[in-house]
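Asker: Submitted below is the structure of interest, expressed as structure tokens.
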Amino acid sequence: MARILRVALPVPLYTCYDYLPPPGPAPAGAGRGCRVRVPFGRGRRVGVVVGTGDHTGVPRHKLRRAQAWLDPAPLLDEPLLSLLEWAAGYYHHPLGEVLDAALPTLLRQGEPAEWRAREHWFITAQGRETDPSELKRAVRQAQLLARLQAAGERGLDAAELAEIPGQARRAARALADRGLAVSEQRANPELLEGEGCEPRPEPLPEQQAVLDRLQAAGDGFQPILLEGVTGSGKTEVYLRATEQALAAGRQVLLLVPEIGLTPQLLHRFRRRLAVPMAVFHSGLNDRERLDAWLAAREGRARVVIGTRSAVFAPLPEPGLILVDEEHDTSFKQQDGFRYSARDLAVMRARRLGVPVLLGTATPSLESLQNALSGRYAHLHLRHRAGGAAMPSFRVLDVRGRPLREGLSPALQEAMATHLAADGQVLLFLNRRGFAPTLLCHECGWVAECRRCDARYTWHRRAGRLRCHHCGDERPVPRACPDCGSVDLRAVGQGTERVERALAELYPQVPVLRIDRDSTRRRGALDALLAEAGRPGPRILLGTQMLAKGHHFPDVTLVGVLDADHGLYGADFRALERMAQLLIQVAGRAGRAERPGEVLIQTHHPEHPLLHTLLGQGYDAFARAHLEERRAAGLPPFAAMALLRAEAVQAGQARGFLQAAAERARALTGSEAGGVMVLGPVPAPMERRAGRYRAQLLLQAGRRAALHRLLERWVPGLSELPAARQARWSLDVDPQDMF
DNA sequence: AGCACGCCGACT
DNA sequence: GTCGGCGTGCTC
């Protein structure tokens, strides 16, 4: 064994630390990629060995000995570890924290990277004979007994037990005491096993073209932007491509945005593919997450599906990476290690020499530009399966119109027509709560968050004022705190308010509100979606949640209540986001026999890009918008990095950024020309959660120039005296300017 | 990030 | 006279 170990530790420091190897003989596979437990300061940490050697610049007396090897062989294989090192460099983030983001919690805590036997519960013969109602007062036990009876021979594993509300394990032990249930330890938790029972439709020519392209790539890197409208069969391409890779003995990684929102996609993979799969989603507990990670690492899971962080899933036999809805902003981590899972997926594919397929109906301008410039292959699915027509768009000019709780007469008329014809209506309003503002009609006071530069949203049903930015909450005042008037009024519309209005306007039509408030309870979203899927007239009203993943075949009319917000947003990406949202929302509607209609309410009906989008489609819009970005020198024609800072006092954040800016300007002058240092400026919402925020933007025409500067600049920032009073973070390729 | 060390105000 | 405020420096 080498005499010195270089260890990355989970601390926000840009240096690795050198240690002597642990006492005793090293395991045969010990070395780079293994975890070690080391003394650090006066505590102990779990670190990852990133290098070994015989020399160190650390003076002898400082060098300490690692305590123990935690892995007999590398936990992270070379391709994955070097990807993480690359990512740490690209995002200018400490390697130890990058590794931390990539590893399941239990592994970070030093848990062995092994399956652990888990409890599995079964019904006994006596339990089978017992009527649950006999356990009168023990309701939980009675419920569990019924579940165990239903589960039969299969029984319930620890994970299933954990999903039952209440203290199910306690109830299980109580049943065991009565002789109604038994448990046994199972060494190998079962993996999710696909059923492979769904028929495999013959690929259409456009779909076949994608598959041919992937086949031709063989063992090589091949990025493909797959642009296909909703219903054009992207999922079928994913499935076929996955089958091809599986047949070649390879694993497939599928990244999806917020998995809870795409059960339909998951369901299809499960039905179609008869292989073990590992699914990473937010509902997993630490042990389940580790199990999924190990299943991927051991190659037992042939398909790995997950959200953002699944891009770091270990894959010993990678063959294909798929990114669904590649434009989705949830692929970008918004705090700490701010990586883009989509971009890392492409880099990982490139380093592994495997194809990567980015699918979407509305490509991000970044990916589109990569396709147009020839860096990515650009393939289309232009036809909706079964020949369904795309919905027709109509802009509703609401200027000067009498709006009833945000609904124009024209929209109400259209709704009446569609509902009378047995169609469903989907209304989109990206604002939950009853009203975004509570105003005193007497003196003009508005309810403002005490910790943010924002207004409280009035949640009428809950009887609370809530700040959507910091989560602060308080009761609704009965009278104005300034003048004592009781004439407090709601200004503006949220989903709760529109829901009320709809109940009055269409008393005979059920209204389903789908937003974060109405789906907070476990299973509530599934229940609402099931309800929405039933035939018959119905109004679906919701926020962003409605725009993603789900398809509502009986919806024939989509109404976008307020498109104005996106048209003149502060962020240069607002328009791109708006266009993607409009197309995605529109894609929720209609099927073969009943093409949908989309109505968009706006005060800016003349907006040129709205015209292009609705008249000529997303592609035309995107190309026109790309030209604007090019002319303005904005991404994807420029590289950006945003240094954010926040502090208790307004001047502290700014002071730090000012010092940082001076350093950056000194560096751009000499070594790293071509980088603009813009700011510091206050953040768009300067005060948030009681802290003042400011930011400094770095922009360069060439990515390489930006990175040359960042390399010299970032590691020294924490040494600036002003850095003490501010909390700061760097965001490379920021998606939001907030 | 933690966590020590280290010098100046209100308290058993 | 002490307990404790958070400024500053370090962690192999």
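Asker: How about the range A:563-627: which trypsin sites (Lys or Arg not before Pro) there lie in a loop by DSSP and see at most 10 other Cβ atoms within 10 Å?
Answerer: Details: sites: A:R573, A:R577, A:R588, A:R591, A:R623; in loops: A:R573, A:R588.
Sparse-neighbourhood loop trypsin sites (Lys or Arg not before Pro): none present.
Asker: If you don't mind, another one. Please check which bits of the range A:152-180 a label hung off A:C197 would reach, taking the label as a point 7 Å along Cα-to-C-beta and the cut-off as backbone N under 17 Å.
Answerer: Counting backbone N atoms under 17 Å from the label point, the list is A:154.
Asker: In straight Cα distance, which lysines are under 30 Å from A:K234, not counting same-chain residues fewer than 8 positions off?
Answerer: By straight Cα distance, A:K234 reaches A:K332, A:K548.
Asker: Taking amide H atoms as placed 1.01 Å from N in the peptide plane, list the residues 5 or more away in sequence, or in a different chain, whose amide H sits under 5 Å from that of A:R45.
Answerer: A:V38, A:F40
Asker: Okay, moving on. Skipping prolines and chain starts, which residues have an amide H placed within reach, meaning under 5 Å, of the one on A:V732, given they are 5 or more residues away or on another chain?
Answerer: Close amide H contacts, sequence-distant or interchain: A:L642.
Asker: Just reorder A:D54, A:D324 by solvent-accessible area, largest first, 1.4 Å probe, all chains present.
Answerer: Numbers: A:D54 80, A:D324 15 Å².
So, going from the largest accessible area down, we get A:D54, A:D324.
Asker: Enumerate the calculated ³J(HN,Hα) couplings along the range A:86-92 in order (Karplus 6.51 cos²θ - 1.76 cosθ + 1.60, θ = phi - 60°), each rounded to whole Hz, writing x wherever the residue is Gly or Pro.
Answerer: For the range A:86-92, the Karplus-derived couplings read 4, 5, 4, x, 5, 8, 6 Hz, x marking Gly and Pro.
Asker: Can you tell me what share of the DSSP beta bridges in chain A is antiparallel? A percent to the nearest 5 is fine. Don't skip to the end; give the middle numbers.
Answerer: Values: 65 of 120 bridges.
Given both bridge residues lie in chain A, the antiparallel proportion sits at roughly 55 percent.
Asker: Right, something else. For A:E129 and A:E78 in one chain, what is 0.36 nm times their gap in residues minus the Cα-Cα distance, to one decimal in nm?
Answerer: On the way: separation 51, 0.36 × 51 = 18.36 nm, distance 5.58 nm.
Extra length available between A:E129 and A:E78 comes to 12.8 nm.
Asker: Additional query: If each residue of separation counts as 0.36 nm, what is the full-extension length gain between A:Q215 and A:D157 once their alpha-carbon separation is subtracted? Walk me through the intermediate numbers first.
Answerer: Values: separation 58, 0.36 × 58 = 20.88 nm, distance 3.99 nm.
Length difference between fully extended and current span is 16.9 nm.
Asker: Checking the a/c ratio against 1.5 first, then a/b against b/c, what shape does the Cα gyration tensor give for the range A:256-346? It would help to have the intermediate numbers written out before the result.
Answerer: On the way: a/c = 1.44, a/b = 1.28, b/c = 1.13.
Cα axes put the range A:256-346 in the rounded bin.
Asker: In what sequence, largest accessible area first, do A:V395, A:V252 appear using a 1.4 Å probe?
Answerer: Values: A:V395 55, A:V252 0 Å².
Output order, biggest surface exposure first: A:V395, A:V252.
Asker: Can you compute the FRET efficiency between A:I164 and A:E473 using 1/(1 + (r/R0)^6), with r the Cβ-Cβ distance and R0 = 22 Å? Round to the nearest 0.05.
Answerer: Working: r = 30 Å, r/R0 = 1.37.
So the FRET efficiency works out to roughly 0.15.
Asker: Give me the distance in nm between label points sitting 7 Å out from Cα along the Cα-to-Cβ direction at A:E531 and A:R37, one decimal.
Answerer: Using points 7 Å along Cα→Cβ, the separation is 5.2 nm.
Asker: Ok, one more. Hey, if you put +1 on the Cβ of every Lys and Arg and -1 on every Asp and Glu Cβ in the range A:392-457, which of A:L419, A:T457, A:P402 ends up farthest toward the positive end of that dipole?
Answerer: Result: A:T457, furthest along the dipole toward the positive end.
Asker: For n ≥ 4 DSSP H runs only, could you compute -39500 (n - 2.57) per run for chain A, divide by its residues and tell me the 222 nm figure to the nearest 500?
Answerer: -10000 deg cm²/dmol
Asker: If you don't mind, another one. What spacing in nm lies between the two simple spin-label points modelled at A:R375 and A:N285, each 7 Å away from Cα in the Cβ direction?
Answerer: 4.4
Asker: Classify the range A:193-386 from the C-alpha gyration tensor, please: rounded if a/c falls under 1.5, else prolate or oblate depending on whether a/b exceeds b/c. Provide the component values of the computation, followed by the final result.
Answerer: Working: a/c = 1.40, a/b = 1.15, b/c = 1.21.
It comes out rounded by the Cα gyration axes.
Asker: Evaluate E = 1/(1 + (r/R0)^6) for A:F637 and A:A150, where r is the Cβ-Cβ distance and R0 equals 56 Å; express this FRET efficiency to the nearest 0.05. Walk me through the numbers before you get to the answer.
Answerer: Details: r = 59 Å, r/R0 = 1.06.
After rounding, the FRET efficiency stands at 0.40.
Asker: Once fully extended, how much extra length lies between A:A68 and A:D619, figured as 0.36 nm per residue of separation less the alpha-carbon to alpha-carbon distance? Let's see the in-between values first.
Answerer: Working: separation 551, 0.36 × 551 = 198.36 nm, distance 5.66 nm.
Net length gain for the segment: 192.7 nm.
Asker: Just to be sure I understand the model, the point goes 7 Å from the Cα along the line to the Cβ. What's the resulting A:H603 to A:R450 distance in nm?
Answerer: 3.2
Asker: Write down Rg/Rh for chain A, rounded to two decimals, with Rg from the C-alpha atoms and Rh from the Kirkwood relation over Cα pairs. Show your work: numbers first, answer last.
Answerer: Numbers: Rg = 28.2 Å, Rh = 28.9 Å.
On the Cα set of chain A, Rg over Rh gives 0.98.
Asker: With a cut-off of at most 15 other beta carbons within 10 Å, and DSSP calling the residue loop, which GluC sites (Glu not before Pro) in the range A:273-360 qualify? Please list them.
Answerer: On the way: sites: A:E288, A:E298, A:E325, A:E326; in loops: A:E298, A:E325, A:E326.
For GluC sites (Glu not before Pro) across the range A:273-360 that sit outside H, G, I, E and B with at most 15 neighbouring Cβ atoms in 10 Å, the list reads A:E298.
Asker: If packing is taken as the mean number of other Cβ atoms within 10 Å per residue, what is the order of A:633-643, A:426-436, highest first? Intermediate values should be presented prior to the final figure.
Answerer: Numbers: A:633-643: 18.8, A:426-436: 23.6.
The most tightly packed comes first, giving A:426-436, A:633-643.
Asker: Let me make sure I get this right: for the range A:118-186, a, b and c are the square roots of the gyration tensor eigenvalues over alpha carbons, sorted descending. Under 1.5 in a/c it's rounded, otherwise prolate if a/b > b/c, else oblate. Which is it? The partial results should precede the final answer.
Answerer: Working: a/c = 1.65, a/b = 1.23, b/c = 1.34.
Oblate, because a/c is 1.5 or more while a/b does not exceed b/c.
Asker: May I ask you to list the GluC sites (Glu not before Pro) in the range A:85-133 that are in a DSSP loop and have at most 11 other Cβ atoms within 10 Å of their Cβ? Could you put the intermediate results ahead of the total?
Answerer: On the way: sites: A:E85, A:E97, A:E114, A:E119, A:E129; in loops: A:E114.
Filter output for the range A:85-133: A:E114.
Asker: State to the nearest 20 debye the size of the charge dipole of chain A about its Cα centre, where the only charges are +1 on K and R beta carbons and -1 on D and E beta carbons.
Answerer: On the way: 98 positive and 82 negative charges, 418 e Å.
With only Lys, Arg, Asp and Glu charged at Cβ, the dipole is about 2000 debye.
Asker: Got a sec? What order do A:C197, A:C16 fall in by accessible area at 1.4 Å, biggest, i.e. largest, first? Mind dumping the intermediate values first?
Answerer: Values: A:C197 75, A:C16 45 Å².
Ranking A:C197, A:C16 by accessible area, largest first, yields A:C197, A:C16.
Asker: Taking a label point 7 Å from the Cα of A:D422 along the Cα→Cβ vector, which residues of the range A:545-567 have an amide N closer than 16 Å to it?
Answerer: Answer for this model: A:553-557.
The values are calculated or read from the model by the stated rules, or taken from the named source; none is laboratory data. The structure presented is a predicted model; accordingly, all values stated were derived computationally and were not measured. So basically every Cβ, Gly included, is an ideal-geometry build from the backbone, and we count neighbours across all protein chains shown. Quick note on the areas: whole protein, heavy atoms, side chains included, nothing else; ligands and nucleic acids left out. Shrake-Rupley method; radii C 1.70, N 1.55, O 1.52, S 1.80 Å.
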